[in-house]
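**Q** Pasting in a structure now, in structure tokens, and then I'll have a few things to ask.
The values are calculated or read from the model by the stated rules, or taken from the named source; none is laboratory data. None of the values given here were measured: they were computed from a predicted structure. So basically every Cβ, Gly included, is an ideal-geometry build from the backbone, and we count neighbours across all protein chains shown. Just the protein is used for accessible areas: all its heavy atoms, side chains included, with ligands, DNA and RNA removed. Shrake-Rupley method; radii C 1.70, N 1.55, O 1.52, S 1.80 Å.
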Amino acid sequence: MSIHARPTLEDVAARAGVSRATASRVLNSSPRVSPEALEAVTAAVSELGYQPNRAARALVTRRTGAVAVVFSEPEPKIFDDPHFARLIRAGARALADVDVQMVLMLVHSPDDQARAHRFLAGGHVDGALVFAPHQNDQLVSIVKKLPLPVVYAGKPWGPLRGLHLVDNDNEGGAVLATEHLRSLGRKKIVHVTGPLDELSAIDRLSGFKSAMGIDDKAVAKLTADGGFTKQGGRKAMTELMAKVPDLDAVFVASDLMAAGALEALQEAGKRIPEDVAVVGFDDHVAIAEHTEPPLTSVRQDSDQQVKHMVAHLMKLVREEPVKQKREMLPTTLVRRESA
């Protein structure tokens, strides 16, 4: 090989002492290679400074080396809510770790959905990670019709048969939060919900209801929808103080709403946690550690969720067997000063 020539796959195979086919399998992350071959080819790639020709690889493998990360939310919510920023960062890191380019897609309006359908059907990506579909959202039915590997974050609406998803234990986390408040001796516990066209919010409400041992009639008196926004959390908390004047604890279905709820409580002269104990959900350190007082919260590990989604999706892309179509990740309670 000339010192000025770009190293080829044949050069890598020769340096590693393996066949071209074996070198190709290693570079395409095939499971059908021995540990010795993997080590030899990896070392040869590093020594030669080999860079695969992506255009040529795409012609052979029919893969683009790109994955769509699809959010079914309006732009302001994506960029104002730190939960989504955390998911996007986690997606970029996890895909970079497997040498795949992330294509971010925000799909909210019917026009967005039509563009998404054209793009995803056009062979521009190898698969998709789909986040936060709402009830009556057409995105799920659009994606289902495409011959494209897809992994969902959480449960989409509709039948789950044949779908691949990675979810956090929202219901179990809500039980943890509510039982913690009860263990503190709180008797009048209320709940600020997320929008109930999202299954994560419904699951968190279900966990609250289960831990409280109450029926739907009682639930209506003890809950208010905060819309997963800070201002919504503030408004819902004000509504709940009017409905339940002697409330002494609140479980809030997101940290962003909890920040608003804390403001409403403090403006009403309530001491936290002496008068009202507060527990959030998400454990976003940027929020939970900087509220006054710092917020006790249920932790869902977004980084792990996205890593599991990417690992699952890459198996589908490579047509490898997947043992588990639906995976549930645990949630934990992180105690701080608010409860």
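**Q** Collect residues whose amide H, placed 1.01 Å from N in the peptide plane, falls under 5 Å from the amide H of LEU333; neighbours closer than 5 in sequence don't count.
**A** Distant-sequence amide H within range of LEU333: ARG299.
**Q** Computed FRET efficiency, Cβ-Cβ of LYS217 and ALA114, R0 56 Å: what is it to the nearest 0.05? Write down the numbers at each step before the final one.
**A** Details: r = 43 Å, r/R0 = 0.76.
For LYS217 and ALA114, the calculated efficiency is 0.85.
**Q** If you put +1 on each Lys and Arg Cβ and -1 on each Asp and Glu Cβ, how big is the dipole of the chain around its Cα centre, in Debye rounded to 20?
**A** The calculated dipole for the chain is roughly 980 debye.
**Q** How big is the Kirkwood radius of region 170-299, worked out from every pair of different alpha carbons and given in Å to one decimal?
**A** Taking every pair of different Cα atoms in region 170-299, averaging 1/r and inverting gives 13.8 Å.
**Q** Hey, can you find the accessible area per residue of the chain for me, probe 1.4 Å, expressed in square angstrom?
**A** 49
**Q** Then there is this: Quickly estimate the mean residue ellipticity at 222 nm for the chain, helices only: each DSSP H run with n ≥ 4 gives -39500 (n - 2.57), and the total goes over all residues, rounded to 500. Write out the running numbers ahead of the final one.
**A** Numbers: 15 runs with 160 residues, N = 339.
After summing the helix terms and dividing by residue count, I get -14000 deg cm²/dmol.
**Q** Of LYS217/LYS243; LYS77/LYS325; LYS188/LYS221; LYS188/LYS270, which ones are farther than 18 Å apart at the Cα? Mind showing how you got there, number by number?
**A** Details: LYS217/LYS243 14 Å; LYS77/LYS325 29 Å; LYS188/LYS221 11 Å; LYS188/LYS270 14 Å.
The answer is LYS77/LYS325.
**Q** Over the Cα atoms, compute the radius of gyration (one decimal) and Dmax (the largest Cα-Cα distance, rounded to a whole number) for region 249-326, in Å.
**A** 18.3, 59
**Q** In whole percent, and with a 1.4 Å probe on the protein chains, what portion of the accessible area of the chain is carbon and sulfur?
**A** With neighbouring chains kept in place, the figure for the chain is 52 percent.
**Q** Among rounded, prolate and oblate, which fits region 113-161 when a ≥ b ≥ c are the square roots of the eigenvalues of its C-alpha gyration tensor, a/c under 1.5 means rounded, and a/b larger than b/c means prolate?
**A** Values: a/c = 1.93, a/b = 1.50, b/c = 1.29.
The shape class here is prolate.
**Q** With unit charges on the beta carbon (Lys/Arg positive, Asp/Glu negative), name the residue among ALA16, VAL103, VAL140 whose Cα is farthest towards the positive pole of the charge dipole of the chain.
**A** Checking the options against the dipole of the chain, the answer is ALA16.
**Q** Any idea what the alpha-carbon Rg over 2.2 N^0.38 Å comes to for the chain?
**A** 1.20
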